[in-house]
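The values are calculated or read from the model by the stated rules, or taken from the named source; none is laboratory data. Given the structure is predicted, the values throughout are model-derived calculations rather than measurements. Every residue, glycine among them, receives a Cβ derived from its backbone with ideal geometry; neighbour counts consider all protein chains shown. For accessibility, only protein heavy atoms count, side chains too; no ligands or nucleic acids. Shrake-Rupley method; radii C 1.70, N 1.55, O 1.52, S 1.80 Å.
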Amino acid sequence: MNRGKQPQGKQPSLAQLRAFAAVAEHLHFRDAAAAIGMSQPALSGAVASLEEALGVQLLERTTRKVLLSPAGERLAVRVGAVLGEVEALMEEADAVKAPFTGALRLGVIPTVAPYLLPTVITLVHETYPDLDLQVHEEQTSSLIEGLTAGRLDLLLLAVPLGVPGVTELPLFDEDFVLVTPLDHWLGGREGIPREALKELRLLLLDEGHCLRDQALDICREAGRAEAPVTTTAAGLSTLVQLVAGGLGVTLLPRTAVRVETSRSNQLLTGYFADPAPTRRIALAMRTGAARAAEYEELATALRGAVRPLPVRVV
């Protein structure tokens, strides 16, 4: 039987592949060795052995720096894919052995993290004590990249994402409210029509925050053309302080109101008429993830845990 041409030479080891991947990332032997907990001579030897096994030069070494050769640039992509598959294999084995154990790398957007993490952490500690929860706060685009690349396991963020290969597990919807200075004509009112947003000086987060895009969408739905933004903030805390200083008004999700408005006595909260503008918060995972059943169970548990918050569980 003809089994096809067999590869010649020695098979590279995982240690050699990890050593080369580290050098390809850091382009520095000392930094690469420190990153993977290997001595510099051992790392250099592993890369040299990999070059010998493959029969190609992967690196161009000079006295000052390390560069990838053309072959190294091509093979670095394949090596990353191989190591990713090995990591997925180990994750699958861990999931089969014992659910809700080992590391769970959770990515969270900044406009959710301060307000929901206390609930998430309490739930994990009380219900899944053997789970090693590792939290990464990043903006949405970075979180999605981290999820699809395998750097993160699960995301907690606003949806819909509309990203192929990503499955969303909806948790709850929450209304937006209008935060104003004390002397604002809409301060503390209920039943505010969305159309009122047409004329307001709205303060927004910096570009890159999904909450900024959601606020602009709400304004467009209210019939407001996108106006020039002269003042922005990197976080909701700063944004609310700008409102307290009289620079304008802003939109806050309900889960953030108690934390952010308690820092100043110069603020009032107004509520929109039904249907109020809302956002949906969900967990997101890679479609077909090895631990999908665990993540779905976690989503169910989270829906129960957030019921005391000012949200509508999905």
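A quick yes/no check of all residues on (1) outside any strand (DSSP E or B); (2) open to solvent by 70 Å² or more (accessible area, probe 1.4 Å); (3) charged (D, E, K, R):
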residue	(1), (2), (3)
LEU117	yes, no, no
ASP132	no, yes, yes
SER141	yes, yes, no
LEU171	no, no, no
LEU178	no, no, no
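Taking the stretch 22-34 as the range and being open to solvent by less than 70 Å² (accessible area, probe 1.4 Å), among the small types (Gly, Ala, Ser) and more than 14 Å from VAL79 (Cβ to Cβ) as the test, only ALA33 passes. Taking first residues from the stretch 102-120 that are basic (Lys, Arg) and partners that are open to solvent by less than 10 Å² (accessible area, probe 1.4 Å) and outside any helix (DSSP H, G or I), the Cβ contacts under 7 Å between residues at least 6 apart in sequence or on separate chains come to ARG105/LEU152; ARG105/ASP153. Please count how many residues of the stretch 250-267 are touching a Ser or Thr at 6+ places or on another chain (Cβ under 6 Å) and open to solvent by 60 Å² or more (accessible area, probe 1.4 Å). Residues flagged as touching a Ser or Thr at 6+ places or on another chain (Cβ under 6 Å) and open to solvent by 60 Å² or more (accessible area, probe 1.4 Å) within the stretch 250-267 amount to 0. Every condition in (1) out of contact with any Leu (no Cβ under 7 Å at 6 or more places or on another chain); (2) open to solvent by less than 40 Å² (accessible area, probe 1.4 Å); (3) not acidic (Asp, Glu) is met by PRO164 except one, and the failing one is (2).
Yes/no per residue for (1) under 22 Å from GLY146 (Cβ atoms); (2) hydrophobic (A, V, I, L, M, F, W, C); (3) modelled with pLDDT under 90; (4) open to solvent by less than 30 Å² (accessible area, probe 1.4 Å):
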residue: ASN2; (1), (2), (3), (4): no, no, yes, no
residue: ILE36; (1), (2), (3), (4): yes, yes, no, no
residue: SER39; (1), (2), (3), (4): no, no, no, no
residue: LEU43; (1), (2), (3), (4): no, yes, no, yes
residue: GLY84; (1), (2), (3), (4): yes, no, yes, no
residue: PRO99; (1), (2), (3), (4): no, no, yes, no
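Counting just the residues of the stretch 203-241 that are at pLDDT 85 or above and in contact with a Lys or Arg (Cβ under 9 Å, 6 or more places away or on another chain), which one comes out surrounded by the fewest Cβ atoms within 10 Å (Cβ to Cβ)? Only one residue fits best here, namely SER237.
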